[in-house]
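Everything on this sheet refers to the single structure shown next.
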C-alpha cells in the first residue's frame, strides 16, 4: 500500500489530480432515511460502472442489514480503521456479490460507541478519518458516509472527511425544525474546524412523502422556498412505500427487490448530480 501524506494530497490537488467524491449523509433525526439513501445511491451509481465504498459510521450498523451482510467482528469494522495501529488494510466487503462487484462496505456496529468516546480525547479526533483516507487512499470514485442520528464525534469525522453533504428529512414539522438546527451545527463546526473549503451541501432530500397527506404537500411546497435564501437545493421527494422496509429486510436495494417499482426513479435526480460530480473530478 502506497503511503500518501496529507501534504502530498494537497500538492496533488494543486496539480489537478483526480480526487474522489466523498458524500456525507447526515441528519439529526432517527428514521430520516439515511441508510436507505446511502444503499440506493451506491447501487444506482454502480450501474454506471463506478466503484463505491460505503462507510457505516452508525453504531446501529444499519448498512449490515440493508446490504445483506453478516455481523462483523470488531477487527473488521470501521473502528479498526480509526485505531492508532491502522496500516491501510481497509476492511471492505463486497455487497450483493451476485449482482455487482462495484459496491463494498466498511461495516459499523456497537464497537463504534467506544470509538466515539476515544475520539473526544484524541489530539486529531475530528480529523482522524480524513487522515486515514489521505494516508491510505481508497480507489473507489465515490465514498459514502452513513452517519448516526446524533451530532457527535462520529458525524464530526464525516464532516471533515467529506467533500459533499446530503441531508435527508422526513416530511414532518418536527424533522424540518431539526434540520434547521443541523444547519446551525454545520456552519458552526465548519468555521470552528477551519474547513477550507466547506463540504458542499448538495441538497435536502425529502423522504417518506405521501402525496395524499395535506401536511406533506404543504411542507414540500414550503421547504424549497425556505432553503432558497441560503442557496441550498431541494431534491424531488422520495415517496413513502412499505417496499423499502421489505427490501431492506431482505438485504437488498429496492432496485433488486422490485426492479419495476416506481420509487426506484425517485433517486434519479440525486444520482444524476453525483454522476456529474464524479465525471468532473
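The values are calculated or read from the model by the stated rules, or taken from the named source; none is laboratory data. Every value quoted in this text rests on a predicted model; they were computed, and no experiment measured them. Cβ sites come from the backbone with ideal geometry, for glycine too, and all protein chains shown count toward neighbours.
Got a number for residues in region 227-249 being without any contact (Cβ under 8 Å) to a residue 12 or more places away in the chain and either assigned to a loop (DSSP other than H, G, I, E, B) or farther than 22 Å from residue 65 by Cβ (or both)? So the answer is 3. For region 64-107, the set of residues classified as touching a helix residue (DSSP H, G or I) at 6+ places or on another chain (Cβ under 6 Å), within 27 Å of residue 255 (Cα to Cα) and not in a loop (DSSP other than H, G, I, E, B) consists of 66, 77, 103, 105, 106, 107, listed by residue number. The requirement of being crowded, with 16+ Cβ neighbours inside 10 Å, touching a strand residue (DSSP E or B) at 6+ places or on another chain (Cβ under 6 Å), at pLDDT 95 or above and within 27 Å of residue 44 (Cα to Cα) is fulfilled somewhere in region 124-138, by at least one residue.
One residue stands out in region 144-156 among those that are within 15 Å of the chain's Cα centre (by Cα) and outside any helix (DSSP H, G or I): the one that is farthest from residue 115 (Cα to Cα), namely 144.
Just name the residue that is farthest from residue 167 (Cα to Cα) out of those in region 187-202 that are touching a residue at least 40 places away in the same chain (Cβ under 8 Å) and within 17 Å of the chain's Cα centre (by Cα). In this case the residue turns out to be 199. The combined condition, being within 28 Å of residue 180 (Cα to Cα) and surrounded by fewer than 19 Cβ atoms within 10 Å (Cβ to Cβ), is not fulfilled by residue 143. If the condition is being closer than 22 Å to residue 40 by Cα and touching a helix residue (DSSP H, G or I) at 6+ places or on another chain (Cβ under 8 Å), then region 174-202 contributes 199, 201, 202.
Counting the residues of region 257-270 that are surrounded by fewer than 17 Cβ atoms within 10 Å (Cβ to Cβ) and either in a helix (DSSP H, G or I) or touching a residue at least 24 places away in the same chain (Cβ under 8 Å) (or both) gives 4. Checking residue 132 against (1) out of contact with any helix residue (DSSP H, G or I) (no Cβ under 6 Å at 6 or more places or on another chain); (2) within 16 Å of residue 19 (Cα to Cα); (3) assigned to a helix (DSSP H, G or I), only one condition comes out false. Which one? The one condition residue 132 does not meet is (1).
Okay, residues lined up against (1) modelled with pLDDT of 90 or more; (2) within 13 Å of the chain's Cα centre (by Cα); (3) surrounded by 22 or more Cβ atoms within 10 Å (Cβ to Cβ):
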position: 3; (1), (2), (3): no, no, no
position: 16; (1), (2), (3): no, no, no
position: 20; (1), (2), (3): yes, no, no
position: 39; (1), (2), (3): yes, yes, yes
position: 74; (1), (2), (3): no, no, no
position: 80; (1), (2), (3): yes, no, no
position: 86; (1), (2), (3): yes, no, no
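Residues considered: 11, 29. Of these, the only one that is modelled with pLDDT under 95, out of contact with any strand residue (DSSP E or B) (no Cβ under 6 Å at 6 or more places or on another chain) and more than 25 Å from residue 203 (Cα to Cα) is 11. If you check residue 64 against the conditions, is it buried (at least 24 other Cβ atoms within 10 Å of the Cβ) and either under 15 Å from residue 148 (Cβ atoms) or touching a residue at least 24 places away in the same chain (Cβ under 8 Å) (or both)? No: the conditions fail for residue 64.
Picking from residues in region 157-205 that are assigned to a loop (DSSP other than H, G, I, E, B) and in contact with a strand residue (DSSP E or B) (Cβ under 8 Å, 6 or more places away or on another chain), the one that is nearest to residue 280 (Cα to Cα) is 163.
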